[in-house]
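Written out below as structure tokens is the structure these notes cover.
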Amino acid sequence: TLGTRSPTTLFRRLGEIEYLTSFTHARRFYTLPHIPSFDAFGLWFYQGIGFSRHGTLKATLPALVSASDLGLFYREFKPIVHIPVYPTLLTLTAEKLLMREYIPGRGLLYLSADEATAKTQLENRRLALAREKALREELPATLVIESLLEIIASSQMRPLLSPQELASRLVLRGVPATVEQLEQVFERFGLKKKRT
């Protein structure tokens, strides 16, 4: 297409047009800017090859962190970028392109390099963790266990119970439960009643 077999000429001619390199696979793949359909994170994957609106992985990770109201824990990066990012995060924090804060029991939280943004992200994350903890503490462990056992037992015969149906079954078995508590159980474990 470019009328050459010389790698030097090829890359010189590629330099004359706009193109994107992959942020995965050591930047070995190329695409033209009009091809990707970027998602909300500014990423596009084609057959497992990732391209970013921001360019490299090193440019992408700070953009993802800055766009997050809560910052990002290490484990939260992989579902977004689909590749290990720890070495890049180490580089970014060493170069002060990202900040990080250790959250006991959760690990390192990566925050924006902008101090005011980082402070807001940290406060937001602490509030979210406190709400999550309060939800866990509000639900007695026995209620959670009994609810899950009842859901498993009943799923053999019928579709997933609704929180209202589950409350009735538990009360009949002598387990005090409110619909609101069971809605929390459903939310915590990602349970949804399928429409049939």
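Within the range 35-83, can you find the residues that are within 24 Å of ARG126 (Cβ to Cβ), polar (S, T, N, Q) and open to solvent by 50 Å² or more (accessible area, probe 1.4 Å)?
The answer is SER66, and nothing else.
Do the conditions hold for LYS96, that is, is it open to solvent by 80 Å² or more (accessible area, probe 1.4 Å) and within 30 Å of ARG131 (Cβ to Cβ)?
Details: open to solvent by 80 Å² or more (accessible area, probe 1.4 Å): yes; within 30 Å of ARG131 (Cβ to Cβ): no.
So LYS96 does not fit the description; no.
Please determine, by comparing only the residues of the range 171-192 that are among the hydrophobic types (A, V, I, L, M, F, W, C) and in contact with a Leu (Cβ under 8 Å, 6 or more places away or on another chain), which one is surrounded by the most Cβ atoms within 10 Å (Cβ to Cβ). Step through it out loud before you land on a result.
Step one: of the range 171-192, the residues among the hydrophobic types (A, V, I, L, M, F, W, C) are 171-172, 175, 177, 179, 182, 185-186, 189, 191.
Okay, now just the ones that are also in contact with a Leu (Cβ under 8 Å, 6 or more places away or on another chain), so 175, 177, 182, 185, 189, 191.
Details: VAL175: 17, ALA177: 22, LEU182: 25, VAL185: 19, PHE189: 11, LEU191: 17.
By that ranking, first place goes to LEU182.
The values are calculated or read from the model by the stated rules, or taken from the named source; none is laboratory data. Keep in mind that what you see is a predicted model, and the values were worked out from it rather than measured. Cβ atoms come from the backbone with ideal geometry, glycine included; neighbour counts cover every protein chain shown. The protein model used for the area step is the full one, side chains on, heavy atoms only, and it has no ligands, DNA or RNA in it. Shrake-Rupley method; radii C 1.70, N 1.55, O 1.52, S 1.80 Å.
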